[in-house]
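The values are calculated or read from the model by the stated rules, or taken from the named source; none is laboratory data. What you see is a predicted model; the values in this text were computed from it and never measured. Here the Cβ positions follow ideal geometry from the backbone for every residue, glycine too, while neighbour counts run over all protein chains shown. When the accessible area is computed, the model is the full protein with side chains, heavy atoms only, and any ligands, DNA or RNA have been set aside. Shrake-Rupley method; radii C 1.70, N 1.55, O 1.52, S 1.80 Å.
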Amino acid sequence: ELHPVRALLKGAVAPGAQVTVRGWLRSKRDSKAGISFLAVHDGSCFDPIQAVVPNTLANYEDEVLALGTGAAVIVTGELVESRGKGQTVEIQAGAVEVVGPVLDPEHYPVAKKRHSFEYLRTQAHLRPRTNTFGAITRVRHTLANAIHSFFHERGFYWVNTPIITGSDCEGAGELFRVSTLDFANLPRRADGSVDFAEDFFAGEAFLTVSGQLEVESFCLAMSKVYTFGPTFRAENSNTSRHLAEFWMVEPEIAFADLDDNAELAEALLRHVFRRVLEECEDDMAFFQQRIDDTVLARLQAVIDNRFERMDYGEAIRILEGCGENFEFPVRWGLDLASEHERYLCEKHVGRPVVIANYPKGIKAFYMRLNDDGETVAAMDVLAPGIGEIIGGSQREERLEVLEARMDATLKEELWWYRDLRRYGTVPHAGFGLGFERLLNYVTGMENVRDAIPFPRTPGNAHF
Ligand code: 4AD
Ligand code: MG
């Protein structure tokens, strides 16, 4: 009977049963005594299962001995208790069917040895076969599932906001244009500028940087909603925290303020960390042992403690007085750089911290102006090892105040967004959680390029 490797290793089948597994060879060892040991993985769990193959099998000489790491096989045999250490059961193989051999074993790109993560990025099609990327894939899946169930249990609706959009939510000008024009023969006006008249969307379409504006309109009808999908930013930064294509979770709640928003962020993180600890025990044990020995403690710290909260003003005072030699200046009115964010959560607090009420000059137009007229009801959640993991705000629900922060072009483009303040406006708030940064926080992996199946970064749209 066919079984996932996980079921066998987790004791779902009693020794003595005839079992079949299908998968890929992680490694093979041939003993002088005429026995081969195959480690077979199928993606279902961290450890491969060992198949013990005797030289009495008809295809032993020709096929089993020739098997290389990466080959696809079907192994059938008796499940037996294992005498080797590190595994409880193994398969005493009665048959090994080679489904897909490895054509040039000496060149298999992800042969069993320690590869650098930089190298594995160049083998993005094969890195899922490594134990690290298998673990990342399962944890990513579990996190996504936990996010959906968190919202579902609390009465939120998942809204699929558009990927192609006309608006620049964050106003940072980091848009990828979507165009059907032939770049080799761009239609030009007399002055040399590109004539977008022939374009499918008349040059007015971009890949979304955030689903927030659109999800707000559903929030003001459905009360509690979220969007969770890919977002795109043409920011030319080669850092370990930035991708050109990343996934974002964006809840939006009506009749809510910044405090409600921070509560929601905290509850969400606590829920998903619990789920990961429960459901990905083996994978998390691997990350703890091999990648970062603080991951389990830091997830538990979020589960057990309230987030620290402080105002931006207080954060500036702390940074000014801490005696640290920062590369970038610290002054009220300036944005926090990653080094400042990390100082606050790593050295000052030691856990995630919510910074609230930033100067209006450094934040987006849609954030609600506070009574002081100088700050907006914005919040960032900063996490040790990462820096900003969540950015959010209470939204400006007052039409005139909102319009005062929009220029003429923006007002015209976002006529519908202004409409929402004209017809039944209510205080509302939301945030964006970067999914790859979340995954890095959970696994201890250092680079967001290793938290997404196929990373897209400047100069790299393929591998
Ligand atoms: O702070 P950001 O830009 O906020 C927004 O987009 C809001 N519209 C969200 C909202 O209120 N609904 O981005 C939110 C989060 C960041 O905190 C970060 O975790 C992640 O998205 N992020 C990125 N992750 C990977 N690569 C990038 N280039 C990212 N830019 C932002
Ligand atoms: Mg932000």
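Condition first: farther than 27 Å from residue 142 by Cβ and exposed (fewer than 15 other Cβ atoms within 10 Å of the Cβ). Now tell me which residues in the stretch 25-57 satisfy that. So that I can check it myself, show each step before the final result.
Step one: of the stretch 25-57, the residues farther than 27 Å from residue 142 by Cβ are 28-38, 51-57.
29, 31, 32, 33, 34, 55, 56, listed by residue number.
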Take residue 368 and tell me if it is within 16 Å of ligand 1 (Cβ to nearest atom), modelled with pLDDT of 95 or more, of a type in the set (Lys, Arg) and buried (at least 16 other Cβ atoms within 10 Å of the Cβ). yes
Within the stretch 385-398, residues being open to solvent by less than 20 Å² (accessible area, probe 1.4 Å) and at pLDDT below 95 number 2
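Working carefully through the options 22, 6, find the one that is modelled with pLDDT of 95 or more, of a type in the set (D, E, K, R) and either open to solvent by less than 40 Å² (accessible area, probe 1.4 Å) or assigned to a helix (DSSP H, G or I) (or both). Full working, then the answer.
Details: 22 fails: either open to solvent by less than 40 Å² (accessible area, probe 1.4 Å) or assigned to a helix (DSSP H, G or I) (or both).
The match here is 6.
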With the first residue restricted to the stretch 103-114 and required to be within 14 Å of residue 125 (Cα to Cα) and touching a residue at least 40 places away in the same chain (Cβ under 8 Å), and the second required to be β-branched (Val, Ile, Thr) and surrounded by 15 or more Cβ atoms within 10 Å (Cβ to Cβ), Cβ contacts under 6 Å at 6 or more apart or on different chains are 108/69; 108/102; 110/130; 111/69
Filter the stretch 218-271 for residues that are away from ligand 2 (no atom under 15 Å from the Cβ), more than 26 Å from residue 396 (Cα to Cα) and not basic (Lys, Arg) and give the result. 234, 236, 238, 240, 244, 245, 271
Residues that are of a type in the set (D, E, K, R), away from ligand 2 (no atom under 14 Å from the Cβ) and assigned to a loop (DSSP other than H, G, I, E, B), drawn from the stretch 351-401: 351, 368, 371, 372, 374, 396, 397, 398
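Conditions tested, residue by residue: (1) over 23 Å from residue 231 (Cβ atoms); (2) of a type in the set (Gly, Ala, Ser).
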{"residue": "250", "(1), (2)": "no, no"}
{"residue": "269", "(1), (2)": "no, no"}
{"residue": "277", "(1), (2)": "yes, no"}
{"residue": "302", "(1), (2)": "yes, no"}
{"residue": "315", "(1), (2)": "yes, yes"}
{"residue": "318", "(1), (2)": "yes, no"}
{"residue": "336", "(1), (2)": "no, no"}
{"residue": "347", "(1), (2)": "yes, no"}
{"residue": "351", "(1), (2)": "yes, no"}
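Looking only at the stretch 384-394, filter to residues that are within 16 Å of residue 340 (Cβ to Cβ) and among the small types (Gly, Ala, Ser); which one of those is nearest to ligand 1 (Cβ to nearest atom)?
Quick first cut of the stretch 384-394, residues within 16 Å of residue 340 (Cβ to Cβ) only: 384-389, 391.
Filter again for among the small types (Gly, Ala, Ser), leaving 385, 387, 391.
Numbers: 385: 13, 387: 9, 391: 2 Å.
Going through the qualifying residues, I end up with 391.
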Looking at the structure I just gave you, is residue 137 of a type in the set (Val, Ile, Thr), out of contact with any Lys or Arg (no Cβ under 7 Å at 6 or more places or on another chain) and within 30 Å of residue 270 (Cβ to Cβ)? yes
List every residue pair whose Cβ atoms lie under 9 Å apart, where the two residues are 6 or more positions apart in sequence or sit on different chains, the first residue falls within the stretch 166-195 and is over 23 Å from residue 235 (Cα atoms) and open to solvent by 50 Å² or more (accessible area, probe 1.4 Å), and the second residue, located anywhere, is assigned to a loop (DSSP other than H, G, I, E, B) and among the charged types (D, E, K, R). 188/195; 189/195
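Looking at 401, 376, 381, which one is more than 14 Å from ligand 1 (Cβ to nearest atom) and either crowded, with 23+ Cβ neighbours inside 10 Å or at negative phi (or both)? Steps first, please.
Values: 376 fails: more than 14 Å from ligand 1 (Cβ to nearest atom); 381 fails: more than 14 Å from ligand 1 (Cβ to nearest atom).
After applying the criteria, what remains is 401.
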Restricting attention to the stretch 76-83, does a residue exist that is touching a Lys or Arg at 6+ places or on another chain (Cβ under 7 Å) and part of a loop (DSSP other than H, G, I, E, B)? no
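Of everything in the stretch 65-92 that's small (Gly, Ala, Ser) and over 15 Å from residue 105 (Cα atoms), which residue is surrounded by the fewest Cβ atoms within 10 Å (Cβ to Cβ)? Don't jump to the end; show me each part of the working.
Of the residues in the stretch 65-92, the ones small (Gly, Ala, Ser) are 66, 68, 70-72, 77, 82, 84, 86.
Cutting the leftovers down to over 15 Å from residue 105 (Cα atoms) gives us 77, 82, 84, 86.
On the way: 77: 21, 82: 17, 84: 10, 86: 7.
That would be 86.
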Within the stretch 218-247, can you find the residues that are within 18 Å of the chain's Cα centre (by Cα) and within 16 Å of residue 156 (Cα to Cα)? 226, 227, 228, 229
Sort through 231, 161 and tell me the only one that's open to solvent by less than 50 Å² (accessible area, probe 1.4 Å), touching a Ser or Thr at 6+ places or on another chain (Cβ under 9 Å) and in a strand (DSSP E or B). 231
